[in-house]
Amino acid sequence: MPIFEIYQNDLLRVEQKNFVLEKDLQFLIERNLEVVFNCHFVATEFSTGTVHAGRIDTLALSEENNPVIIEYKKVESSELINQSLFYLHWIRDHKGDFEMAVQKALGPDVKVDWSDIRVICIAPNYKKYDLHAVQVMGANIELWKYRLYTNNSLYLEEVFGGSSEAITIDSNLEKNPTMVAAGKKAAQVRATASYTYEEHLENKSPAIKELMQEIREVVVGLDSTIEEVPKKFYIAYKASQNIVCMEPQKKHIKLFLKLRPQDIVDPPTTYRDVSKIGHYGTGDVEFTVASSAELEEIKKFIELAYNKVGG
């Protein structure tokens, strides 16, 4: 779909261009990691040592303290996925190196959560064979495509999510052994560290279970692409980043929204500023919900959080 600029009620088509250097794309994303992927920058061109002889384009830490690897290409290339799988395999075997880099960049008190590793590939396009290969591997890889326009707008779109179910591997297909090994290992790690929505229902009253389902329907109903990601202590609902985190408790449910306290106008009594208070879910705004009526009061804030994240 072409992009148009509105000028005095006329639509002017905006032409595409590309970065002069691949490094320009990398530099732009690294400077804006929190805006684009809600991640903290850790390192650039991170060396994997003399034995592996590689350099990871960008290392980061997610909002949930999970490791993040980002690789870039300014042209369509299958090499991008091969590299990403290689580095995914490498980082699982070199946790200490990553944790030292995190402490150097973000401070000694930051604890890395190894229950998940986020791998992001950014390129202008992907071949259909690459999309199929990533699905077959079952690896936790996100494929993002970008478009750069002459008005200096940058468009990013996720074309494959890392949480997608893996396709059964056909033994007759020719496969790169390194890709297969890395993909299988990533899938096994993700399986052992996964949690389910049903686990959060355990020991909850019928009223809380029903309220959880109401919240679920409200959030997912905003956009069919919103993903439900159960964690150990809460359930995250995310698009490009977390929008709402639901933490069910015995008598009520805590909702943490990706908003700033200054975004909240005329808050209900269920609201609390948690920007300086430790909590499990991500977001600086908390609402404590114990009934459908209280949920109705904060629906507008849930929608606001979705709009702020940008879908």
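Figures for the structure shown
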{"quantity": "Every residue from region 108-145 that is acidic (Asp, Glu) and crowded, with 19+ Cβ neighbours inside 10 Å", "calculated": "Asp116, Asp130, Glu142"}
{"quantity": "Some residue of region 203-222 being farther than 21 Å from Ser292 by Cβ and in contact with a helix residue (DSSP H, G or I) (Cβ under 8 Å, 6 or more places away or on another chain)", "calculated": "no"}
{"quantity": "Residue match in region 241-264 (condition: among the hydrophobic types (A, V, I, L, M, F, W, C) and open to solvent by 40 Å² or more (accessible area, probe 1.4 Å))", "calculated": "no"}
{"quantity": "Thr269 vs. criteria under 21 Å from the mean Cα position of the chain (by Cα) and in a loop (DSSP other than H, G, I, E, B)", "calculated": "no"}
{"quantity": "Condition met for Glu227 (out of contact with any Ser or Thr (no Cβ under 8 Å at 6 or more places or on another chain) and acidic (Asp, Glu))", "calculated": "no"}
{"quantity": "Members of region 286-305 that are part of a helix (DSSP H, G or I) and open to solvent by 40 Å² or more (accessible area, probe 1.4 Å)", "calculated": "Ser292, Ala293, Glu294, Glu296, Glu297, Lys299, Lys300, Glu303, Leu304"}
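Residues are listed down the side, and each one gets a yes or a no for (1) polar (S, T, N, Q); (2) under 30 Å from Ile122 (Cα atoms); (3) at pLDDT 90 or above; (4) not assigned by the TED database to the domain that holds Val119:
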site: Ala236; (1), (2), (3), (4): no, yes, yes, yes
site: Ile277; (1), (2), (3), (4): no, no, no, yes
site: Asp284; (1), (2), (3), (4): no, yes, yes, yes
site: Leu295; (1), (2), (3), (4): no, no, yes, yes
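The values are calculated or read from the model by the stated rules, or taken from the named source; none is laboratory data. Source: prediction; values computed, not measured. Cβ atoms come from the backbone with ideal geometry, glycine included; neighbour counts cover every protein chain shown. Only protein heavy atoms, including side chains, enter the accessible area calculation; ligands, DNA and RNA are left aside. Shrake-Rupley method; radii C 1.70, N 1.55, O 1.52, S 1.80 Å.
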